[in-house]
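A short write-up of the structure that comes next.
None of the figures in this text is laboratory data; all of them are computed from the coordinates on show. Treat the numbers as computed from the prediction; the structure is a model and nothing was measured. Note: ideal-geometry Cβ built from the backbone for every residue, glycine included; neighbour counts use all protein chains shown.
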Amino acid sequence: MTVYGYDRLTAELKDLISNQRPAVIAAIEEARGHGDLKENAEYHAAKEKQGFIEGRIAELDSKLSRAEVIDPLKINGSKIVLGATITLVDVDTDKTVTYALVGPDEADLEAGRISTTSPVGRALLGKTTGDEVTVQAPSGKRVYEVEKVEYKPIA
């Protein structure tokens, strides 16, 4: 994962541990004070939320402990790898798009970040400027030409 993704997941983990976990514990304690737990909807909702939070904490802790962090600013070369920002030209429409190639947990198409596991991401890996890339998209085959490959901070 990129430095951006690592920092984002670390911030989410910190929020879960220091803010959301104590808040749900307080909600459970308050709901317990309302009486019979069998028919207490607030208690059951708070317990369900606690389960989600604890599961997410465990998931993030595992991912972050196993993560190999890539800093795009330290990568040199012209081949497309994780952390690259790529400008593509659609061969059929001449439309230009720019994507940052990131790990699966960082992907956000609206922000211009695509995963290395997406069809476009897989097709781009290892390519260089000037290469043509054919991608099988839901709307049919798309052909792109790699116009530019950069390694810069991912926002």
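Based on the convex hull around the alpha carbon atoms, the stretch 42-115 presents an average projected area of 8.0 nm².
Over the chain, what is the mean sequence separation of C-alpha contacts under 8 Å (at least six apart), divided by residue count, expressed as relative contact order in percent?
The value is 24 percent.
With contacts taken as Cα pairs under 8 Å and at least 6 residues apart, the stretch 109-155 reaches a relative contact order of 26 percent. Dividing the Cα radius of gyration of the stretch 97-145 by 2.2 N^0.38 Å, with N the residue count, gives 1.10.
The coefficient of translational diffusion for the stretch 1-89, derived via Stokes-Einstein from the alpha carbon Kirkwood radius under 10 °C and 1.306 mPa s, stands at 99 µm²/s. Between Glu59 and Arg122, the simple spin-label model (points 7 angstrom out along Cα→Cβ) gives 2.2 nm.
Give me the log10 of I(q) over I(0) for the chain at q = 0.09, 0.12, 0.13 Å⁻¹, as the Debye formula computes it from C-alpha points; what are the numbers? Per q value, in the given order, log10 I(q)/I(0) is -0.44, -0.64, -0.70.
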